[in-house]
Every structure is written in C-alpha cells, then in structure tokens.
C-alpha cells in the first residue's frame, strides 16, 4: 500500500508539459531546470508569435485550424503543422487556402533503386577483368542490377547444367 502511495505522490509531483517547456523570454532560461536556451535559438524565439496569443484572437480559439512555424516550412519538404482539436464545438472555422494545401499534400514516391554498387573486392575484380579484355580504361562504373529478368525455377537450372555440359563435353 505504501508503495502505491509513493508512486501516486511521485506521479502528482511530476512537472506538467507546460511547466517543463515554459520559458522566461527575458533571460531565455527554463524556470523549472534553470537551463538556458542555445544562443542561436534566441532570435527565432523572439521573432515567432506564441501559439496561445494567436489562438486567443480567433473565434472559438481556432478549433479546426492548422498552425505551422515558418522554420518548419523552410527546413522540411513535407508539411509539418499542429491542428487544434482540443475544444469540441458544433462547427469548425473556415478552411483557408494554405490549410487545404497541407491536407491535400501527397509525398512524391521514392524512385525505385534499380542498381546497387558491387562490393569493393568484386568491383576491383570486375574492373581488372574488363581491363584485360578491352585493354583500355573503363569509364562505366559496374553496377549490380536489382531486378531479375530470369525466373529461377527447376527448368532454368536444368538448362544451365545442359549448356555447361555441352560446352565442356562429357567426362571420361
């Protein structure tokens, strides 16, 4: 029982998120820990508006609206944003043009990788073999195709074995 009480008290005494990330804008220190923000972040912190000050001026505190930071738009190709959903109401705010763009965003598909580089030793062996065969410097980098054009089944291996025997001849 005492263990449960200690765990409950510890849970209650833990700082909330708002206390953890609170910031004194004059000294640029976190009141809870006393740590200072990095000097490079000071200018960004002073320039950006606080979310609460933005929401306070909006109808219904901006429920249904999206908010982003300018730094996020510059740093990331995909949209990063907050959507205000905490307050439940019967209707939502008007949808703005940029909000619709964020909602409709579809990331570009990654182009499929068709070739991979050979391991270093195998690459060196291939380049040496090409150098001996051609006698000139090779400009094209050897690459391993990732897509198989041949279906590997029993018939394929039988044909390979027959071709090898036909080339070598039969054993005496």
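None of the figures in this text is laboratory data; all of them are computed from the coordinates on show. In this text the structure is predicted, and so the values were computed from the model without any measurement. When we count neighbours, we look across all protein chains shown, and the Cβ atoms used for this are built from the backbone with ideal geometry, even at glycine.
Figures for the structure shown
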| item | result |
| --- | --- |
| Computed label-point distance, nm, for sites residue 75 and residue 7 using a 7 Å Cα→Cβ extension | 3.7 nm |
| For the stretch 98-122 and the stretch 18-61, distance of Cα centres in Å | 36 Å |
| Projected label distance in nm at residue 143 and residue 123, using a 7 Å step from Cα toward the beta-carbon | 1.3 nm |
| Rough spin-label spacing in nm, given labels placed 7 Å along Cα→Cβ, for residue 22 and residue 60 | 3.1 nm |
